[in-house]
Every structure is written in C-alpha cells, then in structure tokens.
Amino acid sequence: MKEAREFIMKCVFILTACVSIAAVVLICIFMFANGIPAIAKIGPLNFLLGEKWKPMNNIFGILPMIVGSIYVTAGAIIIGVPIAFFASVYLAKFCNEKLYKILKPAVELMAGIPSIVYGFFGLVVIVPIMQKLMGGSGKSVLTASILLGIMILPTVIGVAESSIRAVPDSYYEGALALGATRERSVFFAVLPGAKSGILAGVILGIGRAIGETMAVIMVAGNQPVIPGNLAMGVRTLTSNIVMEMGYATDLHREALIATAVVLFVLILIINLCCSALQRRSGQ
Amino acid sequence: MEKIKGQLESYKEQPFSLVLRFLMWIATFLTVGITVCIVGYILIRGIPNLSPEMFAWEYNTENVSMMPAIINTVLMVLLVLLIAVPVGIGAAIYLVEYAKRGSKLVKLVRITAETLSGIPSIVYGLFGYLLFATTFRWGYTFLGGALTLAIMILPLILRTTEEALKAVPDSFREGSFGLGAGSLRTIFRIILPSAVPGIVSGVILGIGRVVGETAALMYTAGTIAKVPGLMSSGRTLAVHMYALLSEGLYMKQAYATAVVLLVVVLLINAGSGWIAKKLTKR
Amino acid sequence: MEKDKFTIKDLNLFYGDFQALKKISMHIPEKEITAFIGPSGCGKSTLLKSLNRMNDLVEGCKITGTLLLDGEPINQMKNVNLLRKRVGMVFQKPNPFPMSIYDNVAYGPRTHGIRKKSELDAIVEDSLKKAAIWDETKDRLKKSALGMSGGQQQRLCIARALAVQPEVLLMDEPTSALDPISTTKIEDLALELKNQYTIVMVTHNMQQAARISDKTAFFLLGEMVEMNDTETIFSKPQDKRTDDYITGRFG
C-alpha cells in the first residue's frame with residue numbers, strides 16, 4: 001500500500017517534469033506546422049527578402065520587419081548595454097551596502113514593470129520629446145530603441161552583476177596589492193573573468209528586445225517599410241503579428257504565423273548562444 | 001573629509017580611474033533615475049485621473065470601468081497558479097529528489113525549461129491561439145489564456161523551486177530516512193516546508209508576470225470586458241489598458257489603469273523583498 | 001555466550017570504481033557498544049552506513065558479500081524503511097528538523113503509523129527521558145528545536161532515534177561537533193543505553209572508544225585490521241599498524 005503510493009507519486013513527479021518537454025515539442029509542432037506551409041506557398045525568398053508587405057494584394061514580404069527588429073534591437077543594445085555594464089560594475093563592486101539596499105530594489109522594480117506600462121510611458125513622455133527634437137510624429141526607430149534600451153537594463157544588469165560577483169576575490173585583491181586603484185583592479189583584473197557572463201547577459205537582453213511586443217507597438221510608428229533614417233517609423237516582427245492577427249484570414253493569417261516562426265527561430269538561436277556562453281562561464 | 005581628499009589626490013595621478021568612476025556613477029544614476037521617473041510620472045499624472053465610476057461593477061462605454069478587468073486579473077492569477085505551481089513544484093521535486101545525476105531526462109528538462117523561459121510572449125500567444133482557440137475549437141477562452149500563461153511561467157516556478165529544494169541541507173534528508181521515513185513523507189513533511197519561502201518568492205515573481213502580460217493573452221483569452229466563465233473571453237488589466245490605448249479615446253482611463261497596474265507591481269516587489277529578508281534571517 | 005546482532009562476512013563496497021571497503025568480516029554483539037576507530041577515509045563511516053543501508057542514497061554504491069541482521073540478509077530486505085526503524089542512526093552533526101521539540105521526537109512514530117495523541121505523548125516523554133534531556137525540555141516541548149544548544153540538539157536527535165523503538169543505534173561520530181561537557185553527557189548516555197540497545201559507534205577519539213566501548217575494531221584504508229575486546233586492543237594489539245595508530249604514530 002505504502003510502496004504503491006510511493007511509486008504512483010514518483011510517476012506523477014516524472015510526469016510533471018515532462019510537461020516542459022511536452023510544451024516545447026508542442027510549441028515547435030504547432031508553430032512550424034502552421035507557418036512552414038505559408039512560407040512554402042509564398043516562396044521562402046519572396047517571404048524573407050520581399051520588401052513589400054501588402055496583405056490586401058497578397059504580397060507578403062517581411063524583410064522590412066526583419067530589418068526593423070534588427071534596427072531597434074541594435075539600437076537598444078547600443079543605448080542600454082553601456083549603461084547596464086557600468087551600473088552592474090558599480091552595484092557589484094563599488095557601492096556600499098546601504099546604497100545597495102536602495103539601488104537593487106529599484107532595478108528589480110524595473111524588471112517588474114509590465115511592458116504595456118513601459119509602452120504607455122514611451123507614448124506619453126518619450127514620443128512628445130522626440131517629436132520636438134526631431135520633428136515628424138516622434139514615433140521612430142530611435143524612440144523604440146531608447147525605450148527598449150531602458151527595458152533591457154534590469155535583465156542585463158542582473159546577469160552581469162551576478163557574474164561579476166562570481167569572480168573570486170583573490171583576483172581583485174591581487175591587483176590591489178600591486179598598487180592599482182580600485183577602478184583599475186576591477187576593470188582590468190576582475191572583469192576579464194566575468195567576460196562570458198556579461199556577454200550572456202547582453203545576449204539575453206537581445207532576446208528580450210527582439211521579443212518585446214507591447215511597448216514597441218506604442219512608440220515605433222509601425223509602418224511596414226524599411227526605415228531610411230533614425231527618425232522614421234518602423235515595424236518589428238512582433239508588432240506585425242499583434243497588429244494584424246485580429247482580423248487576418250487565410251494566407252494573410254498564415255503569413256503572420258510564419259512571421260512568428262521566423263521570430264521563434266531567431267530566439268532559439270539567441271538562446272542557444274546564451275546557454276552555451278553561460279555554460280562556459282560556469283566552468 | 002580627509003578620506004575623500006586622499007581619494008581625490010590619488011585620482012590626480014590616475015585620471016583614467018576617475019573617468020571610470022564617473023561613468024559608473026552616471027550609469028547607476030540613469031538607471032535609478034529612469035525608474036523613479038517612470039514610477040513617479042505615472043503615479044503623479046495618473047492618480048488624479050482615478051475616479052469612482054472607473055471601479056463600477058459593470059463595464060460600459062460611458063464609465064469604461066476597469067473593475068471587471070481587475071477581477072479578471074485576480075481570477076487569471078489564481079487559475080494560472082493553480083495549474084503552474086503544482087506542475088512546477090512536482091517537476092522540481094523530481095529533478096532534485098529523485099533524478100540521478102547526469103540523467104538524460106534531467107538534461108532534457110533543463111534545456112526545454114531554458115528554452116521556454118526565452119520564448120517571447122507573443123509567440124506563446126500565437127501558440128495558445130493555434131492550440132486552444134483553433135485546434136480545440138474553443139475560440140477565445142479564459143481557460144485557454146490561463147493554460148498559455150501557465151506554460152509561460154512554468155520555467156520560473158520550476159527554477160526557483162529547484163533552487164529552494166537544493167538549499168535544504170542534506171542532513172534533514174538523512175535524518176528523516178534514518179528514522180525509516182519513505183521518500184514521500186520526507187519530501188512533504190521535511191523538505192517542502194523548509195523550502196517554502198524560496199518557492200513563494202518564485203510564485204510572487206510568477207504573479208508579476210501574469211499581471212503584466214498582454215501579448216500572450218490578446219489572442220487566447222481575448223479582449224471582452226466582462227467577468228467570464230472558464231470557457232468564455234475576458235480581459236485582464238494589462239489587456240484592458242492596451243485596448244484603451246489602441247482605441248485612442250480613453251487617455252484618462254489609461255492613466256488610471258497604469259496607476260493600478262503599477263501599484264500592484266510595487267506591492268509584489270515589496271512582498272518578494274520581504275520574503276527574501278525572512279529567508280536570509282533564518 | 002553473547003549473541004551476534006550483526007554478522008558480516010567478506011563485505012566489499014564500491015563507490016563507482018573506488019573500493020571503499022575490502023573483504024570485511026566481523027561479528028557485532030548484541031547489547032554492547034562496539035566502536036569503529038581509524039584515520040579519516042578508512043571506511044568506518046561507510047561500514048556503519050551499510051548497517052541500515054543509508055548508502056542506498058549514494059549514487060553508484062555497490063555492495064557484495066554477506067551482511068546479516070539477526071541472521072537476515074540486510075541487502076535483500078524488501079522494506080528498507082522497516083530496517084531503518086529497527087536500526088536507528090545518530091549523525092555526526094546534530095540535525096534536528098526545523099519544527100518543535102515535540103514534533104521532532106514524534107516524527108518517527110508518526111511515520112510508522114502512530115496517530116493517537118496520548119500514545120505519542122507517552123512515547124515523546126519516554127524517549128526524552130531515556131535520552132536524559134526530559135528535564136531540560138519538558139517546559140518547552142512546543143518550542144523550535146533549532147533554539148537549543150548543540151549538545152542538547154544531539155541528545156534530542158538520540159531521543160528522536162529512540163522514539164521509533166529501534167533495536168540498534170548507529171552513532172556516526174556523535175560528539176565530534178560538541179564541547180567536552182556535552183560529550184561527557186552523550187558518553188554517559190551511551191553507557192546507559194547499552195542495557196537495552198546494541199550500539200555501534202564511529203569515533204575519531206580513541207579515548208572515547210577506550211572509555212565506553214566493549215569491542216573495538218580498527219580500520220585502515222578500507223580494511224579491518226583487527227577487532228577485539230577494547231581492553232585487549234588498547235593494551236596488547238596484535239597488529240603493528242594498530243599499535244602505531246593507538247600510540248599516535250600516524251593518523
């Protein structure tokens with residue numbers, strides 16, 4: 001009786017452990033099964049490299065969205081990573097405990113703010129500012145980059161900080177003992193040891209930026225055209241899906257799912273890079 | 001004062017160190033400053049927009065009440081936790097208490113959980129739409145949304161529980177087994193109770209994600225502003241806010257909704273901070 | 001003639017490829033204290049843990065040879081939990097559960113199906129008395145066990161082990177984490193308990209073995225070098241290595 005219960009519960013635990021495997025398999029099956037046929041119908045090259053997205057005329061080229069996602073992600077990295085980098089070094093190695101007790105919760109709070117609220121903030125604060133500075137609607141590549149740059153801060157800071165903390169103190173002390181300043185000791189003795197961890201944080205940030213939807217949609221303008229400069233509007237892969245999924249039918253709907261497949265594959269590649277890096281830094 | 005003077009003195013010889021120090025100050029100030037800006041702006045501009053009719057029980061285009069959305073959010077959180085927490089804890093128990101080290105299944109669970117945690121919410125949304133709304137022919141349903149979000153926060157619950165279980169000292173396990181207790185009794189009487197604070201902090205993080213989620217819900221649970229049954233559509237607060245913004249007519253209400261969302265997030269963060277403190281005290 | 005509680009013959013134990021115990025053969029008599037001594041890593045704790053199959057928890061652990069409890073082969077017992085009920089264990093570091101003193105002691109009996117409050121109360125009181133800690137705890141049974149001193153915690157762990165009414169008590173260096181006064185208390189307790197229980201104790205402390213044990217076995221590098229009456233081992237050891245060890249020439 002008792003043995004039977006032990007056995008049954010063990011099976012239950014194994015089953016629950018398998019849920020995440022099943023979920024990934026299901027997601028892959030459903031995304032690919034619904035997306036690949038559309039790509040085949042449209043033609044992979046026409047789909048991936050087509051510069052025109054005109055659902056009314058059955059023209060489905062997602063190059064503008066791919067380029068758009070890359071632009072705003074790159075922008076977010078350029079804006080966010082330096083800030084996150086220096087802030088994480090400060091949090092890990094320089095600030096005293098009292099200050100840390102204020103700074104850390106602030107960063108954690110940042111991670112908890114819903115993306116729709118970020119988007120709203122972008123819409124009512126950043127967009128008007130950009131409008132004044134650069135003219136036009138204010139919804140642009142640059143605006144989206146700034147907002148995404150802010151949003152990835154907590155992700156990158158979190159990972160970078162813990163990898164800096166994981167570097168043995170002996171490196172730091174060794175450098176100090178040679179007469180280097182604290183800054184020099186940290187930047188030239190400690191940080192090289194945390195390199196792959198910090199990089200993993202950046203890649204995680206890239207993943208967040210590419211996958212972000214609700215915030216971008218509010219501030220990017222969403223024109224499905226490859227933007228010529230930073231002040232022009234842009235549409236990302238994610239916003240393309242959200243905006244049109246509500247009313248799309250037939251091939252249009254399938255093309256949107258195919259857009260998600262492209263996004264999904266991009267994210268899988270990014271995740272692979274990230275976990276490979278983290279494994280290396282763990283050694 | 002003397003100390004600062006000494007430090008300044010040393011920077012004179014090492015201007016590069018001073019530059020680095022400045023960059024760090026600026027970066028940290030920016031990070032915290034932006035957070036304060038966002039929270040402050042939304043609270044200050046938003047709170048005056050709160051009005052009693054926004055909390056009326058029924059939604060209509062006159063009052064644009066967020067009450068149904070608030071109730072839905074609470075229901076959604078409960079439903080998602082009801083699904084995700086037992087599964088996540090069960091899986092973590094298997095990984096920590098049963099699985100042999102280096103087993104294939106464990107590796108596979110780890111990799112898939114990592115993958116799940118990286119998938120963007122819009123992809124979850126589409127997956128949920130394809131599986132529940134289309135394949136099961138449910139249409140937009142509350143249950144479909146909850147199942148989608150449950151998969152989404154599963155890796156979070158799994159990972160935090162796993163960490164919490166690993167932190168329980170092995171001497172507790174030895175002590176219990178040494179008295180002739182079986183695995184189940186050891187797990188449920190000794191190990192899980194010791195791991196509760198860690199598990200709870202994971203659950204709180206999960207609540208935060210459910211409350212803030214929009215993209216994964218729009219095409220699974222849908223956007224109807226009513227308190228639903230399990231098999232009908234209903235919008236949560238975050239979706240409500242998106243709906244208001246995309247209609248473009250309701251800035252006042254959008255501000256008010258943002259305030260409520262932000263307050264919930266602040267409470268959640270305070271709660272998890274409090275639990276973390278309790279955890280380190282022990 | 002004394003009766004054997006454990007009979008061990010040609011016991012080999014492997015952790016993966018590493019052989020931790022080599023051809024151990026011995027008899028452990030009933031209702032006496034048997035001490036295992038030897039330098040760290042000699043296999044004495046490993047052998048102790050084989051006696052109630054706590055080694056089952058270690059991955060890649062394999063055992064060959066004969067290991068009998070009252071003539072019954074231990075490694076073929078279907079219900080390992082019943083074995084551990086008969087053969088209780090006290091660990092190196094006191095490991096009370098994070099619950100009240102009462103619940104700690106009652107954990108074992110509850111595990112084995114005793115639910116009645118009056119019965120549990122009696123068992124708890126009896127066990128705490130046997131472990132000579134009743135007077136210190138009777139007014140704070142509902143308080144957390146984690147608030148006690150190390151020595152008290154260890155005696156609580158002994159009470160907890162006694163509460164399942166075992167026949168044997170395995171003690172794995174039970175005093176190594178304790179101060180001298182607590183150590184004396186545990187030693188006195190062990191002497192008291194041997195009237196009712198068979199005690200097998202691993203110890204680093206040779207004086208302790210000499211003070212309280214009836215039989216002593218000396219281990220070195222996974223082998224049992226010799227086993228005899230404690231007096232004989234400490235006065236006229238047969239093997240030169242034993243002599244070297246107890247006179248402090250190595251280890």
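The values are calculated or read from the model by the stated rules, or taken from the named source; none is laboratory data. Note that the coordinates shown come from a computational prediction; the quantities given were computed from them, not determined experimentally. We place every Cβ from the backbone using ideal geometry, glycine too, and count neighbours over all the protein chains shown. Only protein heavy atoms, including side chains, enter the accessible area calculation; ligands, DNA and RNA are left aside. Shrake-Rupley method; radii C 1.70, N 1.55, O 1.52, S 1.80 Å.
Structural remarks
- Selection within region A:96-132 - polar (S, T, N, Q) and over 27 Å from B:Ala216 (Cα atoms): A:Asn96, A:Gln131
- Looking across region B:210-252, just one residue is acidic (Asp, Glu) and closer than 24 Å to B:Thr135 by Cα, and that is B:Glu213.
- For the residues C:Glu231, C:Glu226, the requirement of being under 23 Å from C:Lys5 (Cα atoms), outside any helix (DSSP H, G or I) and of a type in the set (D, E, K, R) singles out C:Glu226.
- Listed by first and then second residue, the pairs with beta-carbon distance under 9 Å, at least 6 apart or on different chains, first residue in region C:192-204 and open to solvent by less than 10 Å² (accessible area, probe 1.4 Å), second among the aromatic types (Phe, Trp, Tyr), are C:Thr198/C:Phe6; C:Val200/C:Phe6; C:Val200/C:Phe36; C:Met201/C:Phe36; C:Val202/C:Phe36; C:Thr203/C:Phe36.
- Strands (runs of 3 or more DSSP E) lying entirely in region C:14-70 (those with 1 or more residues that are more than 30 Å from C:Phe234 (Cα to Cα) and open to solvent by 50 Å² or more (accessible area, probe 1.4 Å)): C:18-29, C:61-69
- Pairs with Cβ under 6 Å, 6+ apart, first in region B:140-156 and assigned by TED's automatic domain parsing to the domain that holds B:Ile207, second open to solvent by 10 Å² or more (accessible area, probe 1.4 Å) and not in a helix (DSSP H, G or I): B:Tyr140/B:Ser233; B:Thr141/B:Met231; B:Phe142/B:Pro228; B:Phe142/B:Leu230; B:Leu143/B:Leu230; B:Gly144/B:Trp138
- Counting only residues that are assigned to a helix (DSSP H, G or I), open to solvent by 50 Å² or more (accessible area, probe 1.4 Å) and more than 14 Å from chain B (Cβ to nearest Cβ), region A:19-57 holds 9 of them.
- Out of A:Ala260, A:Ala189, A:Ala209, A:Ala215, sole residue that is buried (at least 19 other Cβ atoms within 10 Å of the Cβ), away from chain B (no Cβ under 11 Å) and not in a loop (DSSP other than H, G, I, E, B): A:Ala189
- If you go through region C:216-236 and pick out every residue that is open to solvent by 30 Å² or more (accessible area, probe 1.4 Å) and at negative phi, you end up with 10.
- Where a residue in region A:252-277 is touching a residue at least 40 places away in the same chain (Cβ under 8 Å) and its partner, wherever it lies, is of a type in the set (Phe, Trp, Tyr) and part of a helix (DSSP H, G or I), with Cβ under 8 Å and at least six apart: A:Ala255/A:Phe47; A:Ala258/A:Phe47; A:Val261/A:Phe32
- Test: residue in region B:254-276 that is closer than 30 Å to B:Thr135 by Cβ and among the β-branched types (Val, Ile, Thr): no
- B:Val263 more than 7 Å from every other protein chain (Cβ to nearest Cβ) and either crowded, with 24+ Cβ neighbours inside 10 Å or outside any helix (DSSP H, G or I) (or both): no
- Among all positions in region C:196-204, there is no residue which is assigned to a helix (DSSP H, G or I) and in contact with a Lys or Arg (Cβ under 9 Å, 6 or more places away or on another chain).
- Number of positions in region A:234-245 that are open to solvent by 10 Å² or more (accessible area, probe 1.4 Å) and assigned to a loop (DSSP other than H, G, I, E, B): 1
- Subset tally (residues that are within 14 Å of chain A (Cβ to nearest Cβ), among the aliphatic types (A, V, I, L, M) and in contact (Cβ under 8 Å) with a residue 60 or more places away in the chain) for region B:42-57: 2
- Test: A:Ile78 is at pLDDT below 95 and away from chain B (no Cβ under 11 Å): no
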